[in-house]
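J.: The structure under discussion is supplied below as structure tokens; questions concerning it will follow.
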Amino acid sequence: MAIELLELPFEMVTEIVNHVDYKGLLALREVCQLTKEIVDELCKITFIHHLYFANGRLYNTGSICLTLDGSRPPFALYSDITKEWVWTVDTKGTCKKIDVSVQKEQVSNLLEDIRSKIPQCTIDSLVFNSQDELYVSLFESFLEGLTVNKSCLDVYTEW
Amino acid sequence: RIYPLMRVTLTTSDGASVTVSRQLTKHSGFIEKAITDMAVDDNAVPLSAVAVDVDDATLKLVIEWLTEHRDDALPYPEKTDEERRADDIPAWDQAFVQKWDTKEDQQQTLYAVITAADKLDIKGLLDMTCKTLANKINGKTVEEMREILQLECDFTEEELAEIRKENAWCEN
């Protein structure tokens with residue numbers, strides 16, 4: 001049966017696509033420009049459960065960990081930098097957690113890159129675990145305009 | 001307060017009139033708002049007055065669904081992204097939609113019911129019909145989706161290669 005999906009109002013198309021499963025969303029991105037735009041729009045990251053930043057395990061590195069909410073792939077985070085990312089999925093193939101560790105001189109680009117992809121996002125819980133002045137300064141810029149429900153900016157536990 | 005025995009006369013876009021119980025219309029945000037806000041005389045809510053193309057045949061299907069779901073709890077629960085799924089359509093609803101499979105105009109009927117559910121603000125019906133359509137997409141290959149959705153691939157080879165690279169990253 002052919003479905004002339006695009007005959008429906010856009011809001012309803014998005015409502016239908018909302019119920020498409022993870023693999024279906026990936027496939028829809030390959031169908032055409034319009035379906036890719038719809039999926040990418042729906043998969044925007046608007047809520048981060050937990051964001052943790054600290055000095056990395058290795059000297060002169062920074063580490064960031066994002067715990068995501070929702071059942072959709074985080075397409076918004078695609079970029080060259082994502083090649084470095086390690087991510088964890090749940091049993092449904094849902095992305096739940098993303099970790100990245102980069103050299104100190106790359107942290108600025110990393111944070112700018114992430115920030116550009118979450119223009120409007122709520123961070124439920126933020127832990128910033130570093131005394132490094134550069135990181136403090138970068139994170140202040142990063143958080144500008146974002147909603148943070150709970151934050152802990154002065155933790156000196158070991159990463 | 002809803003009086004279950006109160007009757008409401010609905011007028012369809014093609015001029016038919018259907019009288020139903022408030023027990024059914026309480027599931028329609030639109031009708032309930034119309035009754036409350038517009039202070040409609042004689043409990044008549046002319047559907048055509050709001051430029052909604054709900055014909056008699058579609059309204060009968062909507063009423064059939066409402067009759068089965070008259071005791072559903074209100075308000076309809078909001079779903080989070082985590083809770084969104086399409087494999088939990090109740091058996092009665094599946095059979096209800098399945099009945100149209102024998103008709104040539106199944107797609108048009110489904111679209112008409114989805115549109116009616118949206119315009120009448122019947123969240124349960126809208127949710128179920130959207131899931132039904134999503135299930136026709138789930139499990140299909142990209143080529144099958146293009147065929148089902150009647151969409152042409154308008155990507156360049158380079159764009160398609162980039163998307164496949166992104167998807168592969170996500171699939172892994």
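What follows draws every value from the coordinates through simple rules; no lab data is involved. Nothing here was measured: the structure is a model prediction, and the numbers come from that model. Because the Cβ atoms are built from the backbone with ideal geometry, glycine has one as well, and the counts that use them run over all protein chains shown.
J.: For the pair A:Thr147/B:Lys79, report the inter-label distance in nm, with labels modelled 7 Å from Cα in the Cβ direction.
T.: Here the modelled spin labels are 2.3 nm apart.
J.: Let me know the shape class of the range B:109-158, please: from the alpha-carbon gyration tensor, a ≥ b ≥ c as square roots of the eigenvalues, rounded when a/c is under 1.5, otherwise prolate if a/b is greater than b/c, or oblate.
T.: Prolate, because a/c is 1.5 or more and a/b exceeds b/c.
J.: Highest mean first, what order results for A:38-46, B:152-160 on Cβ atoms within 10 Å?
T.: A:38-46, B:152-160
J.: Now a separate question. Grab the beta carbon distance between B:Arg70 and A:Leu6, set R0 = 35 Å, and tell me the FRET efficiency rounded to 0.05.
T.: The computed FRET efficiency comes out at 0.55.
J.: Give A:Lys36/A:Lys104; A:Lys23/B:Lys123; A:Lys23/B:Lys60; A:Lys23/B:Lys33; A:Lys117/B:Lys79; A:Lys117/B:Lys119 a once-over and call out the pairs whose C-alpha atoms are over 28 Å from each other.
T.: Violating the 28 Å Cα-Cα cut-off are A:Lys36/A:Lys104; A:Lys23/B:Lys60; A:Lys23/B:Lys33; A:Lys117/B:Lys119.
J.: Take A:Gln103 and A:Lys44, extend 7 Å from each Cα along the Cα→Cβ direction, and tell me the distance between the two endpoints in nm.
T.: 3.4 nm
J.: For the peptides A:11-24, B:15-28, what is the packing order when you average, over each peptide's residues, the other Cβ atoms within 10 Å and list the highest mean first?
T.: Going by the mean number of other Cβ atoms within 10 Å, highest first, we get A:11-24, B:15-28.
J.: Starting from the amide H of B:Ile122, placed 1.01 Å from N in the peptide plane, find each other amide H under 5 Å away whose residue is 5 or more places distant or on another chain.
T.: Counting only residues 5 or more places away or on other chains, the set is B:Gly29.
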